[in-house]
Each structure stands twice: as structure tokens, then as C-alpha cells.
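Please read the structure below before turning to the comments.
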Amino acid sequence: MVNAAMIDAWHQRRGFGRADGERMYHIGYHFVILSDGSIQRGRPENLQGAHARYANDCIGICVVGDFSSSSNPRGRRGPVKPTPEQMKSLKYLLRYLFMKYPHLSAERIYRHRDTGSATDCPGDRFPYHDLKVQMAAWQAQQKSVTSDQ
């Protein structure tokens, strides 16, 4: 199963790397969400990412899988869409990041393919628009609760 350590090794072979003073991180993502919903940390949030050529100043989250109907039509490369556990963990992680970094918003959730990189990632079967709608609704609810206090 793909995990953060494997991605770190792949990215090391590609020449990615950034040190935080004590340790060298090769993994370009800040977080990795496995198919069972486990969230693994990649490089620390205070280190610039190496996950999207033109958007490495953003927090990078990898949802493990190939959700493209063209490159993974029958699921030979893993699940054809994110698992329910992955989506639950992704929403949890995004809520955590929105609370930690108030300048972040659902409007600023981008797919790898939206960053100018030549990729279809995460694929056409990733529920991107539903995710953005759900996270925007959660943020609006949080603002409403905060303003009522």
C-alpha cells in the first residue's frame, strides 16, 4: 500500500528535498491520506511544498489513488474513486487547517490539475465540486456560530 514513506522515497529519487534544520524531507506533500482514511504527515507545514510546480506555496494534501476514468478505468491501479474513509478524513483535515489558518477557505481548495501542472490528477471521479460545496457550507456555519456569540 502506498504511504508517506514510499512517496518520500519516490520524491527523493526525483531530487525533491528540503531540510528544516534537523531533518531532510523529500516528500513534497504536507499530508497523505491513505485508503483506510489514515492521515500521515509528510513535510512540516512550515516548509514549502514540492507537490505542484506553480503552487508549492500551498499546503499539499495527497489523497492516495488514481481516480481518472482514462488511466484507471477498471480499478487496476486502485480504487476508482476515493474511499468513504478518505473523504471523511479529508474533510476532517480541511476543517482542522481552516481553523488553524483562518485565511484559508473552501474557495482556495485546488486540485493538482488546477495548478498549471500537466496532469489530470486527481482524476474525473474525485468529487471535487461536492467537496468544495460541503466545505464552504461548513465554513459559513462556523462564521454564523462565531458571529452569534
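Bear in mind these aren't lab numbers, they're just calculated from the coordinates by the rules spelled out. Please read all numbers here as calculations on a predicted model, not as lab measurements. With ideal geometry, Cβ positions are generated from the backbone for all residues, glycine too; neighbour counts draw on all protein chains shown.
Okay, here's what the table says:
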item	result
Extension gain, ARG23 back to GLU45 (0.36 nm per residue minus Cα-Cα distance, nm)	6.5 nm
Sum of side-chain charges, LEU131 neighbourhood, beta-carbon under 10 Å (Lys, Arg +1; Asp, Glu -1)	+2
Candidates per trypsin sites (Lys or Arg not before Pro) in the stretch 1-73, loop by DSSP, up to 16 other Cβ within 10 Å	ARG14, ARG23, ARG53
Residues listed by number, the stretch 41-79, amide nitrogen under 13 Å from ARG125 label point at 7 Å toward C-beta	65-79
Taking only Cα atoms of the stretch 4-143, radius of gyration then Dmax in Å	15.0, 44
J(HN,Hα) series, the stretch 115-129, from Karplus relation 6.51 cos²θ - 1.76 cosθ + 1.60, nearest Hz, glycine and proline x	9, x, 7, 7, 8, 9, 4, x, x, 6, 9, 7, x, 4, 5
Cα-centred dipole magnitude for the chain, charges only on beta-carbon of K, R (+1) and D, E (-1), debye, nearest 20	280
Structure-based [θ]222 nm, the chain - -39500 (n - 2.57) summed over DSSP H runs of at least 4, per residue, nearest 500	-10500 deg cm²/dmol
